[in-house]
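The values are calculated or read from the model by the stated rules, or taken from the named source; none is laboratory data. Bear in mind the structure is a predicted one, so any value in this text is a computation, not a measurement. With ideal geometry, Cβ positions are generated from the backbone for all residues, glycine too; neighbour counts draw on all protein chains shown.
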Amino acid sequence: MRILILSNKLPYPPKDGGAIATLGLAEGLADAGAEVTLLAINTKKHYFPVEEIPVGLTEKVRFLAVSKDTSPRPIHAVINLLFSRRPYISERFKCKAFTVQLTSLLQQEDFDIVQLEGPYLEHLVPLISKYSEARISLRAHNIEHEIWARRAGNTRNPAAGFYFRLLARRIRRLEQEMALESDLVVAISERDRERLEKFNPDAKTITVPAGIDLSKYEPVQPGGDPWPCFIGALDWAPNEEGLRWFINRVMPILREVQPGILVHVAGRNAPAELVSLLRSIPGIQYHGEVDDALAFMRSASILVVPLLTGSGIRIKILEGMACGMSVITSPVGCEGIDAEDGRHLLIADSPEEFARNIQHTMTDPALRERLGRESRRLVKEKFDTFTVASGLLGFYK
């Protein structure tokens, strides 16, 4: 089976959840027997030379990319706000060179499936239908409009709340159009699948979670000093929002109940103001972008994921569980993972509970060992890359 995957960013190197999910599934489909081509926009923000992708990957997946600067431009954003019904996020990914490359590819080669990673390339659907008989598949990493609706509910800034609500409505309309135009819909969680089916009850749907290749995740070693850590792309609004909440609401409590606490924070593309704040908070050590995210996580052994908004599945939580870490997160953070509180991870719904869970985990080696063992087992049973990709390939066939 020949599968063409279209992505609005090159998923290499896999440094964020979206890239990990896209690349992992592409690899898994290839390992399961599909012939996979991945065509991506090589954005300025996430640029990587295609020719430098490791041979081990390029032997499995054919990578094609078109360079484009998709950075937000204030004047374009204002024009979009006043004169368009489409979300500005999707407008930024319209690329003439990408359209030309895709047209040429569809004219020269036959594909069975064209899989779009998310709704922001929806404008390409008419072109795909014109030049190909392939089934069109929407692979939804999350329910995008929920993220912005939740942000609107969490902000105290009236102007920001207005814009977030407007963006949520526009993205919801786009997601509905994308679902209606797709032959197949691939959701990342059962919760997301139920919502997507409401957009298009006639589409054939399947739940395919993000895959994790457990062989690439060395478990944490017992012993040593357990310290909590946070890691995530800090130019992604939900990560920044959650980290600020943790700094302002959890850290004061944590410093009282656990004197001498040191929380290690890492993340790329943090705004300058946030960097200054992190470096001024007692009990926080900011590392910036680290070369090896997994090594950083394993050195701490406790992963905190204080998300207030989000959707889909948090890949970083799956990675922490794959490493056998003790994961402490919010109810939003564990959505879609089907993990049991107290068995696979710890769920905190308030600053006080978050602080207590961190203190408890730091001082109880038996709890850390049990959480790490059970969480790694859960990843093996439900999120193995080859298993989930094989299920999707069977669905496609």
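Tell me, which helices (runs of 4 or more DSSP H) lie completely within the stretch 6-106 with 3 or more residues that are aliphatic (A, V, I, L, M) and within 17 Å of the chain's Cα centre (by Cα)?
Of the helices (runs of 4 or more DSSP H) lying wholly inside the stretch 6-106, those with at least 3 residues that are aliphatic (A, V, I, L, M) and within 17 Å of the chain's Cα centre (by Cα) span 17-31.
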Next item on the list: Could you check T207 against (1) touching a residue at least 60 places away in the same chain (Cβ under 8 Å); (2) under 20 Å from Q115 (Cα atoms) and say which number it fails?
Entry: (1)
Check: Given the conditions (1) in contact with a helix residue (DSSP H, G or I) (Cβ under 9 Å, 6 or more places away or on another chain); (2) at pLDDT below 95; (3) under 24 Å from T309 (Cα atoms), which single one is not true for R156?
Finding: (1)
Next item on the list: Looking only at the stretch 246-277, count how many residues are closer than 25 Å to S350 by Cβ and part of a helix (DSSP H, G or I).
Entry: 14
Notebook entry, point to check: Taking the stretch 185-230 as the region of interest, how many residues are in contact with a Ser or Thr (Cβ under 8 Å, 6 or more places away or on another chain), assigned to a loop (DSSP other than H, G, I, E, B) and loosely packed, with under 13 Cβ neighbours inside 10 Å?
Noted result: 1
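Here is a check on your reading of the model: is D225 outside the structural domain of E146 (by TED's automatic domain parsing), more than 23 Å from P13 (Cα to Cα) and among the charged types (D, E, K, R)?
Numbers: outside the structural domain of E146 (by TED's automatic domain parsing): yes; more than 23 Å from P13 (Cα to Cα): yes; among the charged types (D, E, K, R): yes.
When the stated conditions are applied, D225 passes them.
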Check: Hey, A34 hits all of (1) surrounded by 15 or more Cβ atoms within 10 Å (Cβ to Cβ); (2) over 20 Å from D384 (Cα atoms) but one; which does it fall short on?
Finding: (2)
Note to self: What's the number of the only condition in (1) at pLDDT below 95; (2) surrounded by 21 or more Cβ atoms within 10 Å (Cβ to Cβ); (3) farther than 22 Å from I315 by Cα that M178 fails to meet?
What the structure shows: (1)
Notebook entry, point to check: Would a scan of the stretch 331-339 turn up a residue that is more than 22 Å from R139 (Cβ to Cβ), loosely packed, with under 15 Cβ neighbours inside 10 Å and either assigned by TED's automatic domain parsing to the domain that holds F111 or under 18 Å from the mean Cα position of the chain (by Cα) (or both)?
Noted result: yes
Next item on the list: Mind listing just one residue for me: the one in the stretch 47-60 that is over 25 Å from K96 (Cβ atoms) and of a type in the set (A, V, I, L, M) and, of those, surrounded by the fewest Cβ atoms within 10 Å (Cβ to Cβ)?
Entry: V55
Item checked: In the stretch 278-301, residue farthest from L234 (Cα to Cα) [restricted to those that are charged (D, E, K, R) and in a helix (DSSP H, G or I)] -> R298
Next item on the list: Could you look through the stretch 131-172, keep only residues that are in contact (Cβ under 8 Å) with a residue 60 or more places away in the chain and assigned to a loop (DSSP other than H, G, I, E, B), and pick out the one that is farthest from P238 (Cα to Cα)?
Entry: A134
Check: Of these, I188, I247, I231, which one is under 19 Å from the mean Cα position of the chain (by Cα), in the same structural domain as A355 (by TED's automatic domain parsing) and modelled with pLDDT of 90 or more?
Finding: I231
Next item on the list: Looking for whichever is among the aliphatic types (A, V, I, L, M) and touching a Pro at 6+ places or on another chain (Cβ under 7 Å) here; the options are I284, I317, I358. Which one fits?
Entry: I358
Item checked: Subset of the stretch 309-330 that is part of a loop (DSSP other than H, G, I, E, B) and within 15 Å of the chain's Cα centre (by Cα) - its residue that is modelled with the highest pLDDT -> R314
Next item on the list: Evaluate the following for F83: is it buried (at least 20 other Cβ atoms within 10 Å of the Cβ) and out of contact with any Lys or Arg (no Cβ under 6 Å at 6 or more places or on another chain)?
Entry: no
Check: In this structure, is V114 out of contact with any helix residue (DSSP H, G or I) (no Cβ under 8 Å at 6 or more places or on another chain), aliphatic (A, V, I, L, M) and either part of a helix (DSSP H, G or I) or within 30 Å of A389 (Cβ to Cβ) (or both)?
Finding: no
